[in-house]
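The next block holds one structure in the form of structure tokens; read it before the comments.
The values are calculated or read from the model by the stated rules, or taken from the named source; none is laboratory data. Because the structure is a prediction, the values reported are computed rather than measured. Glycine gets a Cβ as well: all are built from the backbone with ideal geometry, and neighbour counts include every protein chain shown.
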């Protein structure tokens, strides 16, 4: 099956403008502006079943339809922050298939009536930002961006914006604050960005992978897209496979592909032939799943993964084998989230601090009686009380690790 978003693997030099155009590039863009109303573009995306690829899995067309049409101007922001440990798909797309991504940004902008769009990149992606700036300049020179596009009244400008390397800015409202030049901290919601976003105006925020699907959906139609994947999760997904596998990397596969296929058929199996002990299906922010044959044969789609007590999220599948102790895993996740907490809300600021202190004691062999129960209690006290998802994410591996892998803690804790 030909790739949808990782088309550079099928078409050499698709990052060059002439090659992209020869392979149907910008046909959907020109057709949309000249022959479709903005609402019709939204309806096609809605009919395709495309869901957000950044983690939440929210229906993309539905999000676009929430824009407040009584408040102008409108904005589009492409979330290229990609700071989740275990996630590395958006970087490959931007570096190798940039025009399809930028065409997706443009189509989203037209659909919601935006004349200005931003690509927000994490601070470490400064080389990619310069690369995208060059591609945007090529599009402007070729007449695909600018004023009065294709002899219509519609015009669009796209700009890149670099953050400062803060994980919290992957959260959409913290991202908007950062673009505005403020401290990258999340806003209280509601209101949500489609009604009150960038500069207080209606804004759509979509992930890089999400937007890169849009040009081919517009070109080939929603039925073509729905012919791949499952009824719950249409289309294809880039699975970022890492951990104790022989062939880590990005694999574009239809939703419904099983964990077993991803790990053994595409990932080459586990190092040293060890059995899989646990899976984190959505990077560091996900729950730990105890692995057996039933889990390995579970389809990777949003609904099926929820039956395992976790979420597919951005599909950053981290494989853990039986050589790894779960207390080591949650030590890593806690330290990461403690470092990345913005400190705005007390449950996250204090909760991550105390979870880090307790796990450090446990890992150093200096734990007090009841420390494992205390760690679990702190994590559960945080859940449902934080301003944004970061605090919630910081507890997922802790709670599921302690509850689902108690033996690991019995072997580590000596008191």
* Structure fact -> Of (1) farther than 22 Å from residue 288 by Cα; (2) touching a helix residue (DSSP H, G or I) at 6+ places or on another chain (Cβ under 6 Å); (3) in a helix (DSSP H, G or I), residue 367 satisfies every one except (3)
* Count, please, the residues in the stretch 315-340 that happen to be assigned to a loop (DSSP other than H, G, I, E, B) and within 22 Å of residue 367 (Cβ to Cβ). => 2
* Asked: Do we find a residue being more than 25 Å from the chain's Cα centre (by Cα) and modelled with pLDDT of 95 or more anywhere in the stretch 296-319?
  -> no
* To do: Go through the residues of the stretch 315-325 one by one and say whether even a single one is surrounded by 15 or more Cβ atoms within 10 Å (Cβ to Cβ), in contact with a strand residue (DSSP E or B) (Cβ under 9 Å, 6 or more places away or on another chain), on the phi > 0 side of the Ramachandran plot and not assigned by TED's automatic domain parsing to the domain that holds residue 54.
  => yes
* Identify all residues within the stretch 2-23 that are within 27 Å of residue 115 (Cα to Cα) and part of a helix (DSSP H, G or I); write none if there are none. => 17, 18, 19, 20, 21, 22
* Asked: In the stretch 331-339, is there at least one residue being surrounded by fewer than 20 Cβ atoms within 10 Å (Cβ to Cβ) and over 18 Å from residue 243 (Cβ atoms)?
  -> yes
* Residue by residue through the stretch 254-290, note down the ones that are closer than 13 Å to residue 242 by Cα, in contact (Cβ under 8 Å) with a residue 40 or more places away in the chain and assigned to a strand (DSSP E or B). => 270, 276, 278, 279, 280, 282, 283, 284
* Residues being in contact (Cβ under 8 Å) with a residue 40 or more places away in the chain and part of a helix (DSSP H, G or I): count how many of those fall in the stretch 224-253. => 2
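Can you go through 254, 281, 248 and tell me which one is within 21 Å of residue 217 (Cα to Cα), modelled with pLDDT of 95 or more and not assigned by TED's automatic domain parsing to the domain that holds residue 87?
Values: 281 fails: within 21 Å of residue 217 (Cα to Cα); 248 fails: within 21 Å of residue 217 (Cα to Cα).
Exactly one residue qualifies, and that residue is 254.
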* To do: Kindly state which helices (runs of 4 or more DSSP H) lie completely within the stretch 117-222 and contain at least 2 residues that are loosely packed, with under 14 Cβ neighbours inside 10 Å.
  => 126-142
* Residue satisfying all of: in the stretch 24-42; surrounded by 18 or more Cβ atoms within 10 Å (Cβ to Cβ) and part of a helix (DSSP H, G or I); farthest from the chain's Cα centre (by Cα) among these -> 33
* Asked: Looking at the stretch 358-370, is at least one residue crowded, with 20+ Cβ neighbours inside 10 Å and in contact (Cβ under 8 Å) with a residue 40 or more places away in the chain?
  -> yes
* Within the stretch 304-314, can one find any residue that is in a helix (DSSP H, G or I) and surrounded by fewer than 22 Cβ atoms within 10 Å (Cβ to Cβ)? -> yes
